[in-house]
1. Give the residues of segment 63-79 that are touching a residue at least 24 places away in the same chain (Cβ under 8 Å) and within 14 Å of ligand 1 (Cβ to nearest atom), sorted by residue number.
2. Do we find a residue being part of a helix (DSSP H, G or I), closer than 18 Å to Cys35 by Cβ and in contact with an Asp or Glu (Cβ under 7 Å, 6 or more places away or on another chain) anywhere in segment 134-141?
3. Give segment 23-40 a look and list any residue that's of a type in the set (Gly, Ala, Ser) and either in contact with a helix residue (DSSP H, G or I) (Cβ under 8 Å, 6 or more places away or on another chain) or on the phi > 0 side of the Ramachandran plot (or both), or say none.
4. Can you name the condition, by its number, that Lys128 falls short on among (1) within 16 Å of ligand 2 (Cβ to nearest atom); (2) without any contact (Cβ under 8 Å) to a residue 12 or more places away in the chain; (3) farther than 22 Å from Leu17 by Cα; (4) of a type outside the set (Val, Ile, Thr)?
5. Part of a loop (DSSP other than H, G, I, E, B), on the phi > 0 side of the Ramachandran plot and out of contact with any Ser or Thr (no Cβ under 9 Å at 6 or more places or on another chain) - does that describe any residue in segment 81-101?
6. Assess whether Ala34 counts as being small (Gly, Ala, Ser), within 11 Å of ligand 1 (Cβ to nearest atom), surrounded by 15 or more Cβ atoms within 10 Å (Cβ to Cβ) and within 17 Å of Val132 (Cβ to Cβ).
7. Please go through segment 85-116 and give me each residue that is more than 21 Å from Lys158 (Cβ to Cβ), in contact (Cβ under 8 Å) with a residue 12 or more places away in the chain and surrounded by fewer than 17 Cβ atoms within 10 Å (Cβ to Cβ), ordered by number.
8. Can you spot a residue in segment 4-13 that is away from ligand 1 (no atom under 16 Å from the Cβ), exposed (fewer than 15 other Cβ atoms within 10 Å of the Cβ), of a type outside the set (D, E, K, R) and part of a strand (DSSP E or B)?
Amino acid sequence: MSDTRQLRPEFWKKYSLDELSSVEWEALCDGCGACCLEKFLDEPEAPYEVEYTDVACKLLDCSTGYCSNYANRHKFVPECVSLTYDKLANMMWLPESCSYKRLYLGKPLPKWHLLITNDAVATQHGMKNAGVGVAGRCISEVSVNEDELEDRIVRWVKA
Ligand code: SF4
Ligand code: SF4
């Protein structure tokens, strides 16, 4: 969690996404890990038809749902997208729960978001109840053949 002293009160309601500091921007991520899953984009441009699989990037720790080497990830996964405001319009394949997508579309943060609960345990429970998060239910791409991907499409991530 970010140092909350660096966050303006309710910044996500008061400022647009392009007015946020880098700390505020990072604080929006709930760490669900869904954007680290392999997916099929049936349309190259928005509006996307997207189907997620439960197959995760090789750097994702599938037990925690967190990137195992976030600081150096581009050295190992050059194609990993750094989410920035200018890319967001072309990233509507993100899950419906993703705060960046929600705010971009004028929706509120999910009520379980840490910025709202200020309670990591409550957020953890809220995410679990909402079916959000890949921890414990994904498999690393290193264990799966590419031709098995279509068989691994899941419905628990919705865009
Ligand atoms: S989908 Fe959105 S909220 Fe979830 S990890 Fe990716 S950027 Fe963060
Ligand atoms: S490098 Fe890390 S952040 Fe990027 S897709 Fe892989 S696990 Fe996710």
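1. Thr64, Gly65, Tyr66, Cys67
2. The answer is yes, given that some residue of segment 134-141 is part of a helix (DSSP H, G or I), closer than 18 Å to Cys35 by Cβ and in contact with an Asp or Glu (Cβ under 7 Å, 6 or more places away or on another chain).
3. Scanning segment 23-40 gives Ala27, Gly31, Gly33.
4. If we test Lys128 against (1) within 16 Å of ligand 2 (Cβ to nearest atom); (2) without any contact (Cβ under 8 Å) to a residue 12 or more places away in the chain; (3) farther than 22 Å from Leu17 by Cα; (4) of a type outside the set (Val, Ile, Thr), just (1) comes out false.
5. No: segment 81-101 contains no residue that is part of a loop (DSSP other than H, G, I, E, B), on the phi > 0 side of the Ramachandran plot and out of contact with any Ser or Thr (no Cβ under 9 Å at 6 or more places or on another chain).
6. In short, yes.
7. Matches in segment 85-116: Tyr85 only.
8. Looking for residues that are away from ligand 1 (no atom under 16 Å from the Cβ), exposed (fewer than 15 other Cβ atoms within 10 Å of the Cβ), of a type outside the set (D, E, K, R) and part of a strand (DSSP E or B), one finds none in segment 4-13, hence no.
Readers should treat all values here as calculations from the given coordinates under stated rules, not as data from a laboratory. This one's a predicted model, so the numbers in the text were calculated from it and none came from an experiment. Here the Cβ is made from the backbone with ideal geometry for all residues, glycine too, and neighbour counts use every protein chain on show.
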